[in-house]
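Enquirer: Take a look at this one; I'll ask things after.
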Amino acid sequence: MQADYSDANVAHWCQQFNIEPSADSPWLITWNDGLQLQHKQQQALWLQLSFTDGRIGHRTQQAKFQSEPVLKAMKLKPNNQAMVIDATAGLGRDGFLMASTGATVIMYEENPILAMFLTEGLARAAADAADVTERITVHCANAIKALPTLTADTIYLDPMYPSRKKSAAVKRDMQVLHTLLPPPGDADDLLESARQASVKRIVVKRPKTAPVIFTDGLVGQQKAGATRFDLYAPLYPIDR
Ligand SMILES: C[S@@+](CC[C@H](N)C(=O)[O-])C[C@H]1O[C@@H](n2cnc3c(N)ncnc32)[C@H](O)[C@@H]1O
């Protein structure tokens, strides 16, 4: 993986994630009290992760008291001790919410730039929310190979979905992901692999009108606004 950067702080992080300096990259990584990603041609496409203020911080506070749809689908109530695998961590918003309820969250993110932003964002968040961040582990790896070997209560999958035509309606963070990442295509393999894990169930986040990934093992659905959570049984359920 390559990116354009020069700052010493950025170089320190990029080296850890094997991200090579390259002036040819469409993305510039800078340091602004934390890592910042900027598309060179499209000013509106930028990213900096913040878990403890802004929207996520607000949702985290709320999550302690009232159920977010994702927490309801995951059956995560405040002060739980669940073990969750967030196999498509992305920007870590859902996983951070889950950890804020008390769950231990193992994150997998295969894109090195996103895994680096996630790890650095969580390191910064530790100053204000160490109780949450200490329950989160990030693996920069493809989850498909790992999942069948893992044991947990629940696996969460939020695979990328092709971007809608009305791109103005898509939030900036998601526009960055759609531009940075290759077209989505591994949802079937992810779910098939997740069903081989030793878990109680698998929760898949989808747009409300999207078709299910497949029907084998589908045991329920929960709708919330524009989102739907498809609930799957594993092939080898465990009793934790
Ligand atoms: C829609 S985003 C997830 C957003 C996330 N739920 C959040 O709250 O920010 C999907 C992410 O899954 C990652 N991904 C897709 N397939 C993967 C795989 N097989 N292993 C690990 N990560 C994967 C993509 O790189 C992308 O960052």
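Enquirer: For the pair Gln41/Leu235, report the inter-label distance in nm, with labels modelled 7 Å from Cα in the Cβ direction.
Expert: Computed distance between label sites Gln41 and Leu235 equals 4.3 nm.
Enquirer: Just order 1-12, 196-207 by mean Cβ neighbour count inside 10 Å, highest at the front, would you? The partial results should precede the final answer.
Expert: Numbers: 1-12: 16.0, 196-207: 19.8.
Peptide ranking by packing, descending: 196-207, 1-12.
Enquirer: Under unit Cβ charges (Lys, Arg +1; Asp, Glu -1), what dipole magnitude, rounded to 20 debye, does the chain have relative to its Cα centre? Mind dumping the intermediate values first?
Expert: On the way: 25 positive and 25 negative charges, 243 e Å.
Taking the Cα centre of the chain as origin, the dipole is about 1160 debye.
Enquirer: Remind me, what semi-axes does the range 80-189 give for its equivalent ellipsoid, largest first in whole Å, using sqrt of 5 times each Cα gyration tensor eigenvalue? Mind showing how you got there, number by number?
Expert: Values: eigenvalues 109, 63, 31 Å².
Ellipsoid semi-axes (Å, largest first): 23, 18, 12.
Enquirer: I want the local charge near Lys145. Using Cβ-Cβ distances under 11 Å, sum +1 for each Lys or Arg and -1 for each Asp or Glu among the other residues. Each step should come with its number before you reach the end.
Expert: Values: positive: none; negative: Glu110, Asp189.
Once all neighbours under 11 Å are counted, the net charge is -2.
Enquirer: Given a Förster distance of 30 Å, report the FRET efficiency between Asp173 and Val219 from their Cβ-Cβ distance, rounded to the nearest 0.05. Let's see the in-between values first.
Expert: Details: r = 31 Å, r/R0 = 1.02.
Calculated value: 0.45.
Enquirer: For the chain, what does the relative contact order come out to in percent, with C-alpha contacts under 8 Å and a separation of six or more?
Expert: Values: 462 pairs, mean separation 37.0, N = 240.
Over the chain, the number comes to 15 percent.
Enquirer: I need Ile213, Ile238 ordered by Cβ neighbour count within 10 Å, fewest first.
Expert: On the way: Ile213 19, Ile238 12.
Listed from fewest to most nearby Cβ atoms, that is Ile238, Ile213.
Enquirer: Let me ask you something else. Can you tell me the order of 88-97, 177-186, 30-39, 115-124 when each peptide is scored by its average per-residue count of other Cβ atoms within 10 angstrom, highest first?
Expert: Numbers: 88-97: 24.6, 177-186: 13.8, 30-39: 17.0, 115-124: 22.0.
Listed from highest to lowest mean packing, they are 88-97, 115-124, 30-39, 177-186.
Enquirer: GNM, the chain, Cα, under 10 Å: largest mean-square fluctuation among Met174, Met74, Met107?
Expert: Highest fluctuation among the options: Met174.
Just so you know, all these numbers are worked out from the coordinates, no wet-lab data involved. These numbers were taken from a predicted model, which means no experiment stands behind them. In this analysis, Cβ positions are derived from the backbone assuming ideal geometry, glycine residues included, and neighbour counts consider all displayed protein chains.
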